[in-house]
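The structure appears right after this line, and notes come after that.
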Amino acid sequence: MTTYLPKDITDGLIAARKLAQRKASRLRVEVDGKSYKVLRRWQNGFSVEADVAPRLRGLVELFEGATFLSSCLIVAAAEEDGEMQYEFKRSTAARDQAPLDFQQEEEAPVALLGDFSGLPSGA
């Protein structure tokens, strides 16, 4: 049995795979006010369509829908099958609160209660 496929069928399969990835992914990368759809993401990088996005480099922001995920410093790694692959030099996850500038003890009280002994009871 032969594993050779004609070029037009191979191109059609690649285009169908890209379309499915584009529809399935909610991830996008933003750089210089422009947004590009992320086709795939892995632990230390991601890929975008080579035809659509310019050669990205430097600081970018990664989003899932409207949710900010991380700020990333990237470099171009490789181009294969119409995908431009990028690797993270640094990836800083987004936080929903400011980082603490002190060490917080695990057994610290959550709130302080005042002295209510002078108040009438049953109120």
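The values are calculated or read from the model by the stated rules, or taken from the named source; none is laboratory data. Note that the structure is a prediction, hence the values are computed from the model and not measured. As a convention, Cβ positions derive from the backbone with ideal geometry for all residues, glycine included, and neighbour counts pool all protein chains shown.
General observations
- Of the residues making up region 68-92, those that are touching a Lys or Arg at 6+ places or on another chain (Cβ under 9 Å), surrounded by fewer than 16 Cβ atoms within 10 Å (Cβ to Cβ) and not in a loop (DSSP other than H, G, I, E, B) number 4.
- Taking first residues from region 47-60 that are modelled with pLDDT of 90 or more and partners that are surrounded by 12 or more Cβ atoms within 10 Å (Cβ to Cβ) and of a type in the set (Gly, Ala, Ser), the Cβ contacts under 8 Å between residues at least 6 apart in sequence or on separate chains come to LEU59/SER71; VAL60/SER71.
- In region 18-46, the residues that are at pLDDT below 85, among the charged types (D, E, K, R) and assigned to a loop (DSSP other than H, G, I, E, B): ARG26
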